[in-house]
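The values are calculated or read from the model by the stated rules, or taken from the named source; none is laboratory data. The shown structure was predicted, so the numbers you read here are calculated from the model rather than taken from an experiment. All Cβ positions, even for glycine, are placed from backbone atoms using ideal geometry, and neighbour counts span all protein chains on display. What goes into the accessible areas is simple: the full protein's heavy atoms, side chains included, and nothing from ligands, DNA or RNA. Shrake-Rupley method; radii C 1.70, N 1.55, O 1.52, S 1.80 Å.
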Amino acid sequence: MINKELMILITAEGSFSGDIDERLISEALKHFKPERNDIIVIGHHGLILLQQRGVHPKRSFQLPKR
């Protein structure tokens, strides 16, 4: 049995909403504990921001084109 909580972060595909994405990632990482949480990120910008902070999500997805 896996006893972890899943965090799903939805961010922008590009950096157009950079400030919002930055705040979302910062807030999520305040509560993130690798032994207790897995992260899935939707949006390439969020993936980049997480990787810059040394966090590698379980999965990442691009936003649909439309």
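A few remarks follow.
- The accessible area of L9, taken with all protein chains in place and a 1.4 Å probe, comes to roughly 10 Å².
- Accessible area per residue (1.4 Å probe, heavy atoms of protein chains only) ranks I8, I48 as I8, I48, with the largest value leading.
- Computed extension length for R23-K4: 4.5 nm, one decimal, from 0.36 nm per residue of separation with the Cα-Cα distance subtracted.
- Surface composition of the chain: carbon plus sulfur atoms contribute 56% of the solvent-accessible area (1.4 Å probe, protein chains only, all chains present).
- Taking max minus min of the alpha-carbon positions on each principal axis, the chain gives extents of 37, 23, 15 Å, largest first.
- Surface accessible to a 1.4 Å probe, per residue, for the residues of the chain, Å²: 75
- Computed helical MRE - 222 nm, the chain, DSSP H runs ≥ 4 contributing -39500 (n - 2.57), nearest 500: -10500 deg cm²/dmol
- Sorted peptide list for 33-43, 55-65, criterion being average Cβ within 10 angstrom, highest first: 33-43, 55-65
- The angle between the Cα long axis of helix 18-31 and the longest principal axis of the Cα atoms of the chain comes to about 0 degrees, rounded to the nearest 10.
- Spin-label pair R59/E13, simplified geometry with 7 Å Cα→Cβ offset, distance in nm: 1.9
- Cα→Cβ-extended label distance, 7 Å offset, between E35 and Q51, nm: 2.8
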